[in-house]
1. Using a/c under 1.5 as the rounded threshold, could you call the stretch 1-133 rounded, prolate or oblate? The axes a ≥ b ≥ c are square roots of the C-alpha gyration tensor eigenvalues, and prolate needs a/b larger than b/c, oblate otherwise.
2. Could you state the angle between the C-alpha long axis of helix 117-137 and the longest principal axis of the C-alpha atoms of the chain, as a value from 0 to 90 degrees rounded to the nearest 10?
3. So what's the back-of-envelope 222 nm ellipticity for the chain, counting only DSSP H runs of four-plus at -39500 (n - 2.57) apiece and dividing by all residues, rounded to 500?
4. In degrees, nearest 10, range 0 to 90: what is the angle between the Cα axis of helix 213-229 and the longest Cα principal axis of the chain?
5. I'd like the distance between the alpha-carbon centres of the stretch 354-376 and the stretch 80-108, rounded to an integer number of Å.
6. Take the Cα atoms of the stretch 116-230, find their three principal axes, and give me the spread along each one in whole Å, biggest first.
7. Can you tell me which of Leu327, Leu416, Leu194 moves the most in a GNM of the chain? Springs connect C-alpha atoms under 10 Å apart.
8. How big is the stretch 148-196 in terms of Cα radius of gyration and Dmax, in angstroms?
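No lab work stands behind these numbers, since they all come straight from the coordinates. In this text the structure is predicted, and so the values were computed from the model without any measurement. FYI the Cβ positions are ideal-geometry reconstructions off the backbone, even for glycines, and counts take in every protein chain you see.
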Amino acid sequence: MRMTIPRWNWPALAAVLWVCGVSGIAVEAYLRPRGRTVFDIYAVAGHRWWAGEDLYTRQVETREFFRYSPAAAIALRPFVALPPGAGNAAWKVANAGVFLFGTWVWCRRGVPRPLSRNQTAWVFLLASPLAMTSLHIGQANLMTTGFVLLGLAAAAQDRWWRAAAFVAAATLIKVFPIALALLLGSLYWRQFPLRFAVVLAAGLVLPFLAQSPDVVARQYESWYTHLTESNDLNYDRLRSLNMMLGVYSRGAPDVPAAFDPQSKEYLAERDRRWFSQSRILFGPLVFTLIGTAAGGLVFAACAWSARWSDRRALLTRAGAWFFVWVLLFSPATENPTYSIVAPVIAWAAVESFRGGGPWAWVSGVVLLTSIFLMGPSVTDVTTPHGREFLDRYTVTTLGAVLFQLWLIANLVRDWLRSKSGAVEAEGVAKAEVTQGVN
């Protein structure tokens, strides 16, 4: 039995949802330029860059750290130069614009099978619960995702310089797309690595044209130090596989009886003890080695599937597995980071619904559950107390694990289908040969 969806004007509905969502977020950003946004961090970093001050020390104004490259600090200049409200709003609109454009181009030119207008609209609808939270606070995850998707779409069209430029742009923002660059470089070693290295080097050299070479050199040194020594910051925000294993293996902490269980102080102390006692299961070095091994398995899976997949299918699989790998093994994964997987899991759900039979129903339940766990479950959609409970048990990570299991099952399913297709093609060829002999 094929799954059917009511005949509504889904493209118009998706457009209205995103226009209203982005507009509402932009208006709030303009009216409330301080608080509930990370643009404050970007603004301070932008001012520090042009003043020649260290970008990567803790900011007095926000009590936070800037983690992006010097090139990213330069790119923020147009937004930082605006008044706080206007800059905050413009940044969030630009963030959404790159994400939406990248998703649209990828749906048209990057996915294995063409999508209809309604199916494309459903990708945008299903991606919204995961994406809106990150957009609301202004994190650059959505812009990074948009550039990655543009890179994958360009690679699918054999436009490798363009692919290298987009992936390099994403890397200069968030660093972790370097893992995708390594994966693509291994799969397409003749087309991608050299181009990527050239474009990335150009992006790293760019800051030397905008500031004193001595200042830029110190910024890069400070950036490297920050990235290598800041993994122990903000443990309470981490939502990687390491944190989930620590939480579930060590149980809930005890809270002194002196605290009133109904008070905010009790909740704050409980959460502080929860994460300070649970922490992570593996040390940074061990977990890095585990993540590296997992990355090797991702490459092995993609290299194996390259034997029986076309380029679009292979690139889509590589992108999906890369996004999930980042969520599970990055040392800085937080709840807003889960927005990076929004387009690919939304596409996976739409693609599953295109078929019929048990697989469509099982996939639908698994993928929609995964979307809920990685997004709405840790918002006020589930009530404040429900959100707190689910977040404390790292359900966002559970959602990513669920999606990874689906990706593995889908890989095996595609292999079995390709194998049966090859056997069928061989049978047809033998029959044609027999008829020719007769």
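1. Numbers: a/c = 3.08, a/b = 2.22, b/c = 1.39.
It is prolate, given that a/c is not under 1.5 and a/b is the larger ratio.
2. Computed tilt is about 20 degrees.
3. Details: 19 runs with 310 residues, N = 438.
Result for the chain: -23500 deg cm²/dmol, rounded to the nearest 500.
4. The helix 213-229 is inclined about 70 degrees to the chain.
5. 29
6. 54, 39, 26
7. Maximum fluctuation in the GNM of the chain, among the listed residues, is at Leu416.
8. For the stretch 148-196, the Cα radius of gyration and maximum Cα-Cα distance read 9.3, 26 Å.
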